[in-house]
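Taken together, the values in this text are just the output of simple stated rules run on the coordinates, not laboratory data. Bear in mind the structure is a predicted one, so any value in this text is a computation, not a measurement. Cβ atoms come from the backbone with ideal geometry, glycine included; neighbour counts cover every protein chain shown.
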Amino acid sequence: MRPKVFYLVLFISFFISHVSLAQDTRTDSLLRDLKGAERVAFLNQIATEIRESEQDKALQYSFEADSLAKLLEDFDGRSRALENIGWIYYRRGQWLKSFDYSTEAYDFAVLAENKLQAARLMNNLGALYYEQKNFDKAIEQFKKGYELATEAGDLATQIRSLNNVALNFTQSGRQDSAMVYAQLSIKTNEQAGSPYLLSFANRVIGDVYLAEGKYDSAVIIYEKALEMARAQDVKSFEAGVIHRLGNAYLLNNQLSKAEEVLRYAIEFCEENQFLDELSKSHKYLSQVYQKRGNYLAAYEELNQFSILNDTLINKASRDRLALMQGMFEEDLARSELDLLKAQNEAQSYRLETSRRYLMFFGFAFLIIALLGIRLYFLHRNLKKINQNLTVQQKKIEEQNLALEQQSKELLEINEAKNKLFSILSHDLRSPIGQLKSTLDLMLQKKLSEDEFYELLDYLKKDVDSINNTLVNTLKWSMAQMEGFEVQSHEFDLSGITKDSLNFLQSSIKAKDLTIFDRTTERDKVFGDPDLLEVAVRNIISNAIKYSNPGDAITIYSEKGDEWIQYCVLDQGIGMAKEQIDEILTDSQLVTKSKLGTQKEKGSGLGLKLVKEFVKMNGGRIEIESKPGYGTKFCIYFPISQSVQNLQALN
């Protein structure tokens, strides 16, 4: 089957390349003859048609259309161009940019009174809420899009809106509602005749059948959707269908077909960089091997899934945070604008009222001199009103300052929380998941004793990694607590060096490293031994992590008049100057960690702790390194309290 598929794909690619070349030539020829609003409309039409298959070219056309429409003050043209840009950024996972462009496009659609364009943008914004997993809000946006598209009489946008509503119902577990909207989409599509939208609806129906346990029906529907996706040459949609088809075969106990489809899915997704679909394909293939009793192959596929899934979860978390922050900032800006408008209206009203009073009483003073006393009292009352208004204005300003301060504090709290959650999610999820999977296999007696001992070294490394991450996280959390104080006194470096080496003994033995410890009990420094032990252990751990098997690591100290220079010298892979600058910069929150020489993973929290704890103890850091020649990591510790205090003041 594989050779036939290969030649078929080769023929289709050859055919499409020639068709695309001819189409590009025709497009360039037309663009040379078009000017003004006609050029804007044509550029937007072409960008909409190719934004799923040729995103770079679609972006180029859309940016040109936006620039030209801006000069022409064409609100409708700008809305179409910005909609295409926002959709492409959504497909690329850049959700904050997508939100900004889609919001601006919606504003221009409203100015142009274009209901169809507003309907399309409701779908784009609904997709962003879908990525936040806010399915109810997403459904609300898609239903608004359907209503606007119905008023505009556009079938394609109606079908797209119905498909999106159905998809969100499946994700929130409401399968009956999903089936209703998917079937309504298919019925509406009978008039429009769009193969892509029909295949989307079929995929949703397949998801419903799969959730209801109707695996035969799901297989039939997925095969039909896959055939349509390939006919349209929409690779992203093909990737979304093919791993679902493999899962349906798996659940239907058609293991051979499941393995064949999922292996093809892995090759296809790797070639086209569809990482989410790739991770799911590895997951389902692992389950196929597990059902067949091939536990080592299942473990390898599960490990691939864990690595990809961790990366995708971290990226999604960062993107969701950026999107939520962008939405929050836009809401804040609108609130501030409304407040300023209200204040200006109130001020205008007060000024107008004051002017009328003055004109009235001035006119009355000219006509009737006897009303002078009355005018005096009225003027005094007016003065009191102005004083009260001034007091109220000051209160409003104070409230604005308080709100701004609370907003900054909230952002700082969220930033610290997200750092901690990101570290725990990244460093604990994969090793704990692998440990649980292995223990489950042992308890189910699906793993032999020899296979268990074969995996034992890997599990030991995972447990050591969990332990080190928890110790680092605990120390960092304690240092962030309000009221935390450094407990400084004199102690010797050799003790904490020996304790750190004992703690890391298993990692040292695993790489057969030779350790030369040149520190002595005469090396007295002044600082908090608990914090500095964490710093020392982390730089020794990094030296081990980036050393090659059989290397040597030298630890030594040199005493000066005010400082003791404590250095860890390894023969490992080394670092470039850019990496050293990134580690030593003050603005870097958590340095991104690279894999070790034996694929050891890390969060970057260790180097963050080293920088913070050394700085809290009045010390400083120096790094010398060259790629391929090892690294020399030195910490300068103060030898007395006076040096520590002076460094803290500096």
| request: Compute the separation of the alpha-carbon centres of the range 536-571 and the range 241-270 and state it in Å as a whole number. | output: 49
| remark: Residue span Glu140 to Ile367: 0.36 nm per residue of separation minus Cα-Cα distance leaves a gain in nm of 75.2 nm
| Rounded if a/c under 1.5, otherwise prolate or oblate - the range 137-229, Cα gyration tensor axes | oblate
| Among the listed pairs Lys187/Lys235; Lys594/Lys615; Lys509/Lys545; Lys137/Lys224; Lys511/Lys632, those beyond 21 Å (Cα-Cα) | Lys187/Lys235; Lys594/Lys615; Lys137/Lys224
| Sites Asp450 and Lys599, calculated FRET efficiency, Cβ-Cβ separation with R0 22 Å, nearest 0.05 | 0.40
| Highest mean first, what order results for 69-75, 300-306, 159-165, 244-250 on Cβ atoms within 10 Å? | 159-165, 244-250, 300-306, 69-75
| said: What does the extension gain come out to for Val110 and Lys384, with contour length at 0.36 nm per residue minus their alpha carbon separation? | reply: 94.1 nm
| Over the range 519-599, what is the relative contact order in whole percent, taking alpha-carbon pairs under 8 Å and six or more residues apart? | 29
| task | Any of Lys283/Lys445; Lys291/Lys446; Lys257/Lys436 with alpha carbons more than 18 Å apart? Name them for me. | result | Lys283/Lys445; Lys257/Lys436
| task | Pull out the extension gain between Lys509 and Glu521, defined as 0.36 nm times the separation in residues minus the alpha carbon to alpha carbon distance; nm, one decimal. | result | 1.8 nm
| remark: Expressed in angstrom and rounded, the centroid-to-centroid distance over alpha carbons for the range 65-80 and the range 162-189 is 35
